[in-house]
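One structure below.
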Amino acid sequence: MPVSETLVIAILFFAGAALYASVGHAGASAYLAVMGLYSFAPSVMKPTALALNILVAAVATLKFYRAGLFSWRLFWPFAVASIPAAFIGGATTLPARWYNVAVGIVLLYAAVWMFRSSFTPLKAVVRTPPLWAAIVAGLAIGFLSGLTGVGGGIFLSPLILYLGWAETRATSGVAAPFILVNSIAGLLGHVSSVAQLPPNIPIWGVAVVIGGWIGASYGSKRAPAPVLRQLLSLVLIVAGVKLILY
């Protein structure tokens, strides 16, 4: 890969990590979108997204934890079910065409969520989620996370917010560690895929860590500019449509 292309991808990864980390996410859908636009092979996309996710989610978890936004009571029912499911999902390999379609659908979903989240945050009366609901949701989100290479935050956050299980910033404080454990489990489930990591991964890793640090530092204190989320949603739509159609 040319140096110029490596640097452009690093910049795009940096931007994605910064924006996603500001809402407690790790940026997997952004990384997948960029790799989809550059026609990366599915065997490279999945482990790369998970590896970068682990780095950014670790940073975001630290930042939101220090800001006092982490809730163990809300976190553990989702995590205890999602970790083994993510491992199984990571061990499941889809045919290249099916994988592209699955990731394309996930990116379109992420685009809708990102666009809607750019408007006024939901004001919910917080209530504790039923244990059975959290476990079922954790199982489903965990498997899909491992299967596609996303951390699951784009599914968990809307669910928590819409059902009134936490407020916006508290949701981010739970989403970050949820993504971290799911990304680790997903990568361990298909540990042989680590050999498919591109040689440029150290450069991209540095880029997303810096972006994640900046985004999480900002997001743990205030919400990011709505226009940035709207622009990212357009990128996700383009990449999602490309993967589905081609």
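The values are calculated or read from the model by the stated rules, or taken from the named source; none is laboratory data. Because the structure is a prediction, the values reported are computed rather than measured. Using ideal geometry, Cβ is built from the backbone for each residue, glycine included, and neighbour counts are taken over all protein chains shown. The accessibility values were calculated without ligands, DNA or RNA, using every heavy atom of the protein model including side chains. Shrake-Rupley method; radii C 1.70, N 1.55, O 1.52, S 1.80 Å.
Some observations on this one:
- Each residue in segment 208-220 was checked for being crowded, with 23+ Cβ neighbours inside 10 Å and within 14 Å of Ala10 (Cβ to Cβ), and 3 pass.
- With respect to the conditions (1) at pLDDT 85 or above; (2) in contact with a Leu (Cβ under 7 Å, 6 or more places away or on another chain); (3) crowded, with 22+ Cβ neighbours inside 10 Å; (4) within 16 Å of Ala49 (Cα to Cα), Ala175 falls short on a single one, namely (4).
- Residues that are within 14 Å of the chain's Cα centre (by Cα) and part of a helix (DSSP H, G or I) do occur in segment 85-99, at least one of them.
Residue by residue, here is whether (1) more than 13 Å from Leu243 (Cα to Cα); (2) in contact with a Leu (Cβ under 7 Å, 6 or more places away or on another chain) holds:
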{"residue": "Gly36", "(1), (2)": "no, yes"}
{"residue": "Ser39", "(1), (2)": "no, no"}
{"residue": "Met45", "(1), (2)": "no, yes"}
{"residue": "Val56", "(1), (2)": "yes, no"}
{"residue": "Gly68", "(1), (2)": "yes, no"}
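- Selection status of Leu131, surrounded by fewer than 19 Cβ atoms within 10 Å (Cβ to Cβ) and aliphatic (A, V, I, L, M): yes
- Selection count, segment 1-21, where residues are touching a Lys or Arg at 6+ places or on another chain (Cβ under 9 Å) and open to solvent by less than 10 Å² (accessible area, probe 1.4 Å): 1
- Verdict on Phe155 being within 22 Å of Thr61 (Cβ to Cβ) and modelled with pLDDT of 90 or more: no
- Hey, Phe40 in contact with a Pro (Cβ under 9 Å, 6 or more places away or on another chain), surrounded by fewer than 24 Cβ atoms within 10 Å (Cβ to Cβ) and either on the phi < 0 side of the Ramachandran plot or of a type outside the set (Lys, Arg) (or both) or not: yes
- The listed residue being open to solvent by less than 10 Å² (accessible area, probe 1.4 Å), part of a helix (DSSP H, G or I) and of a type outside the set (Val, Ile, Thr), out of Ala166, Ala185: Ala185
- Out of Ala57, Ala91, one residue alone is open to solvent by 50 Å² or more (accessible area, probe 1.4 Å), modelled with pLDDT of 90 or more, under 23 Å from Ser193 (Cα atoms) and in contact with a His (Cβ under 9 Å, 6 or more places away or on another chain). It is Ala91.
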